[in-house]
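Structure first, commentary second.
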Amino acid sequence: MPAPEVDLALLAEAARDAGRIALRYWRRDPRAWDKGGDAGPVTEADLAVNDALEARLMGARADYGWLSEESEADPARLDARRCFIIDPIDGTRAFIDGQEGFSHSLAVAEGDRIIAAVVHLPVLDLTYTAVADGPALLNGVPIAPTGADIDGATVLTYRAVTEAANWRGTLPPFRREFRSSLAWRLCLAAEGRFDAALSLRAAWEWDIAAGSLIAERAGAAVSDRRGQPMRFNSPRAQVDGLIVAGDRLHGQLLAALA
């Protein structure tokens with residue numbers, strides 16, 4: 001098997017190619033439709049990026065599994081030693097609206113752990129990378145989370161998280177922010193631009209696989225909503241929510257959740 005660093009180089013090249021393809025459609029009124037079943041929207045750009053990524057990555061690693069938001073489920077991935085976990089365009093609603101904050105999320109899992117990861121935002125020219133035993137980098141520069149505590153923290157999450165039923169006692173005194181791309185939210189917490197990323201909903205693996213490793217290697221505490229380690233390439237392809245923050249804030253959020 002190639003070293004994780006070799007897989008990372010492949011992912012990084014593929015992510016840049018994905019960005020070039022996506023930008024051919026961005027702000028050019030791409031065809032879009034709803035996938036149904038609360039799965040959200042998809043565009044012709046998502047499919048074009050997915051096809052290009054699958055051709056490039058599986059062409060280079062034919063023995064790897066393949067898990068992507070825009071591909072039919074292939075149970076053979078569960079028997080593969082390594083598996084690509086891909087979101088061709090994360091933040092499709094932002095992409096449709098012409099916003100800049102969409103990303104390409106690419107990861108390689110070995111067993112149930114992520115060993116190489118790239119999150120690339122082509123409009124903003126941001127590329128986050130990590131391998132299992134190396135640093136997390138943003139455009140080649142190491143990143144790290146903040147040491148904030150819960151009082152006044154900025155937490156990337158959706159509005160429903162602040163409902164009282166989700167918390168023991170009163171809502172903690174943090175400030176809520178939001179970004180459409182979940183992969184980017186994890187990276188923003190990893191680099192300390194925000195103090196935490198939080199979701200109490202089940203998260204699809206393709207949304208968080210790459211960002212979870214980047215946050216972990218940056219030095220953040222990364223877990224599901226119950227404080228358990230994240231596991232990937234599972235039959236359901238989902239993780240039970242997420243908490244990503246510096247050690248102290250992670251513990252405070254976990255303790256405050258109902």
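The values are calculated or read from the model by the stated rules, or taken from the named source; none is laboratory data. All values derive from a computational prediction rather than experimental measurement. Every residue, glycine as well, gets a Cβ built from its backbone with ideal geometry; the counts of neighbours run over all protein chains shown. When the accessible area is computed, the model is the full protein with side chains, heavy atoms only, and any ligands, DNA or RNA have been set aside. Shrake-Rupley method; radii C 1.70, N 1.55, O 1.52, S 1.80 Å.
Data table
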| item | result |
| --- | --- |
| Highest average packing first - 5-11, 84-90, 233-239, Cβ atoms within 10 Å | 84-90, 5-11, 233-239 |
| For the range 154-256: accessible area per residue (Å², 1.4 Å) | 40 Å² |
| Using θ = phi - 60° and Karplus 6.51 cos²θ - 1.76 cosθ + 1.60, couplings along the range 12-27 (whole Hz; Gly, Pro as x) | 5, 5, 5, 5, 5, 4, 4, x, 5, 5, 4, 5, 5, 9, 4, 6 |
| Local electrostatic count, Arg81, Cβ distance below 9 Å [Lys/Arg +1, Asp/Glu -1] | -2 |
| Residue-by-residue Karplus 3J(HN,Hα) for the range 68-77, coefficients 6.51, -1.76, 1.60, Hz, glycine and proline x | 9, 4, 9, 10, 4, 4, 10, x, 4, 4 |
| The range 162-192 versus the range 78-122: alpha-carbon centroid distance in Å | 21 Å |
| Gain upon complete extension [Asp240, Glu177; 0.36 nm per residue less C-alpha separation] | 20.6 nm |
| Peptides 145-158, 205-218 ordered by average Cβ neighbours within 10 Å, highest first | 205-218, 145-158 |
| Rounded FRET efficiency, nearest 0.05, which uses the C-beta distance separating Arg226 from Thr170 and R0 of 22 Å | 0.55 |
| Rh (Kirkwood; distinct C-alpha pairs) - the chain, Å | 18.1 Å |
| Residue-count net charge about Ile150 - beta-carbon cut-off 11 Å; Lys, Arg +1, Asp, Glu -1 | -1 |
| Dipole of the range 4-140 [Lys/Arg +1, Asp/Glu -1 at C-beta], most positive-end residue of Leu138, Pro41, Pro4 | Leu138 |
| Of all accessible heavy-atom area on the chain, the percent that carbon and sulfur account for (1.4 Å) | 47 percent |
| Cα-based shape type of the range 4-140, given that a ≥ b ≥ c are square roots of the gyration tensor eigenvalues and the cut on a/c is 1.5 | oblate |
| Candidate residues Met230, Met58, Met1: accessible-area rank, largest first, probe 1.4 Å | Met1, Met58, Met230 |
| Net +/- balance of residues flanking Trp33 in space, Cβ distance below 14 Å, scoring K and R +1, D and E -1 | -2 |
| Nearest-20 debye value, the chain charge dipole, Cβ charges on Lys, Arg, Asp, Glu | 480 debye |
| Sequence-distant residues sharing a close amide H with Ala202 (under 5 Å, placed H) | Gly241 |
